[in-house]
Amino acid sequence: MQVLYRPYRHDDAIEFAQAVNASLDTLRPWLLWAHEGFSPAEARRWFAATHMLRETGEANELGLFAGDGRLLGGAGLRYSSDQKNLCSIGYWVRSSEQRQGIASQAVRYLLDLAWQDQEKDTVEILAVAENMTSRRVAEKCGAAFMGIKHGLIVLDSGPADTAIYRFHRTR
């Protein structure tokens, strides 16, 4: 499936909220923001935040869309404020669209985007250690497993063991 990448627009909010609510089974265990009754108003606030983060150079969050316009999920780059050579990738795919390579395509797309900045030489993916689906995406894309560290991700239950994966620029 070909994935199209673009910033979220105001009119994506209803479909975004529907995707989140339909995907709670696969999102809720790993993402604090995913909750029952996620609303279009919350989606619009998130979109506004992503636009501000893009303008300030702190992140580049993008919607993942099918060729027919269906929202497939989201992915983004977060830039480290204290380590100019480092950024991280995050992603989610709505439950009904999983296991089609969408997250892997998004990671590769974002990795190419990260490498366009000559300062960047390390890109990380952090995943809750028990989130084997997310970890498989990192591995499938060729990230090196660096180990487990406690507390880099916080869930409803508190700090979690976090699997750290890294890509290093080859020069």
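The values are calculated or read from the model by the stated rules, or taken from the named source; none is laboratory data. What you see is a predicted model; the values in this text were computed from it and never measured. No Cβ is skipped: glycine too gets one built from the backbone with ideal geometry, and neighbour counts run over all protein chains shown. Areas reflect the complete protein model, heavy atoms only, side chains present, ligands, DNA and RNA absent. Shrake-Rupley method; radii C 1.70, N 1.55, O 1.52, S 1.80 Å.
Summary table below
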| read-out | value |
| --- | --- |
| Which numbered condition residue 80 misses (of (1) surrounded by 12 or more Cβ atoms within 10 Å (Cβ to Cβ); (2) touching a residue at least 12 places away in the same chain (Cβ under 8 Å); (3) among the polar types (S, T, N, Q)) | (2) |
| First in the stretch 28-43 and at negative phi, second anywhere and loosely packed, with under 11 Cβ neighbours inside 10 Å and at pLDDT below 90, Cβ under 7 Å, 6 or more apart | 32/156 |
| Selected residue (criterion: surrounded by the fewest Cβ atoms within 10 Å (Cβ to Cβ)) from residues of the stretch 1-19 that are of a type outside the set (Phe, Trp, Tyr) and within 9 Å of residue 39 (Cα to Cα) | 14 |
| Residue 35, sole failed condition from (1) open to solvent by 20 Å² or more (accessible area, probe 1.4 Å); (2) more than 21 Å from residue 152 (Cβ to Cβ); (3) part of a helix (DSSP H, G or I); (4) in contact with a helix residue (DSSP H, G or I) (Cβ under 9 Å, 6 or more places away or on another chain) | (3) |
| Filter result (open to solvent by 40 Å² or more (accessible area, probe 1.4 Å) and either in contact (Cβ under 8 Å) with a residue 24 or more places away in the chain or closer than 15 Å to residue 167 by Cα (or both)) within the stretch 84-110 | 84, 85, 91, 96, 98, 100, 105, 108, 109 |
